[in-house]
Amino acid sequence: MNIRRLVNLSVFVAFAVISQSDSIAQQTTESQSATQNPKEVDANETVDFEATLKKHVEHLATTIGERNLNHYEELCEAADYIEAEFKKYGLTPTLQTFKVKGLDCHNIAAEIKGTTKPDEILIIGGHYDSAEGTPGANDNGSGTAAMLALAKHFQKSKPDRTLRFVAFTNEEPPYFQTKDEMGSWVYAEKCRLEDQNIVGVISLETMGYYTDDKNSQHYPSPLDRMYPSTGNFVGFVGDLGSGKMMRKVLKSFKDNCEVPAEGASLPGTIPGVGWSDHWSFWQEGYSGIMVTDTAPYRYPHYHKASDTPDKINFPVFAKVVEGLVKPIEMLLEDSEQ
Ligand SMILES: [Zn+2]
């Protein structure tokens, strides 16, 4: 998540406006070939979300630490870790490699091929790089961990649509919203170039900090009077074109998870609404939403050296990630989008 975008006051107007636009990007084309390898799938695998998330966040933020192009070895180590995790789930990861500053950068994808609508693809993604000077436990060890935990959960599923997990590189400054450098934009461009029918993108971004402390959630005025002042909820944010997807996901989440949730969508042209990798897919005409704890408006350790695993509320974070299972299942079966 990029602070330069977050400081704009219009950002939190996003939480005040519910979109009425229902347009969803559609293409018709072949998607990538099946990558699931059933031979390696453990049929008895059950995910302990809390333990799994904790393991991934600690590995990314503590064992590896700061990971970006100025800490390139660590960035590669994180990529290797994600690739190895996908393989553990019986999936076959594919790397999209591109050069920035002469260095190889990698987006890592793994998918479960759809049974009846394989050409319709749902992407669950999160960036795995961290900002300068931080081990990035919450931003975005949390999103990466959530993506991996969901991949583990869905490894044996046989969805109607194709379910694709993607770990993006170079989301943080100075690469944010920079053509040919921001990982998710490079990825989304390729999807468009190949006319892939991405029916939706869920960007998992800085989503592990929850507190019941009073006045722990901040907004620019007057939104502080319209929205909860306690930072115990998870936010779902989309642009107008993603309004329908956002509302469906929010409703399903609320029906299935006890953690409070707030959602909204705004025109994507308003600065600050595109806080993360979902923005890249908007540029290419796809629908996408972000799942977030609102980062700097709640999290005191945002982009600091103190963004360490001990700051994450793992019991609540685990409920949030498990709460995404039903909305994802709904999107995978949905015939409307
Ligand atoms: Zn981030």
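The values are calculated or read from the model by the stated rules, or taken from the named source; none is laboratory data. Being a predicted model, the structure only gives us computed values, none of them experimental. Cβ sites come from the backbone with ideal geometry, for glycine too, and all protein chains shown count toward neighbours.
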**Study point:** Residue identified as surrounded by fewer than 24 Cβ atoms within 10 Å (Cβ to Cβ), of a type in the set (Lys, Arg), more than 24 Å from residue 244 (Cβ to Cβ) and free of Cβ contacts under 8 Å to residues at least 60 places away in the same chain among 214, 113, 190, 117
**Key:** 214
Practice item. Would you check if there is a residue in region 231-250 being among the aliphatic types (A, V, I, L, M), touching a helix residue (DSSP H, G or I) at 6+ places or on another chain (Cβ under 7 Å), surrounded by fewer than 24 Cβ atoms within 10 Å (Cβ to Cβ) and modelled with pLDDT under 90? Key: no
Check your understanding: Looking at 237, 249, which is the one that is touching a strand residue (DSSP E or B) at 6+ places or on another chain (Cβ under 7 Å), more than 23 Å from residue 131 (Cα to Cα) and β-branched (Val, Ile, Thr)?
Key -> 249
**Study point:** Selection count, region 76-98, where residues are in contact with a strand residue (DSSP E or B) (Cβ under 7 Å, 6 or more places away or on another chain), free of Cβ contacts under 8 Å to residues at least 40 places away in the same chain and either aromatic (Phe, Trp, Tyr) or assigned to a strand (DSSP E or B) (or both)
**Key:** 2
Practice item. Working only within region 69-106, note down all residues that are crowded, with 16+ Cβ neighbours inside 10 Å and among the aromatic types (Phe, Trp, Tyr). Key: 81, 86, 89, 98
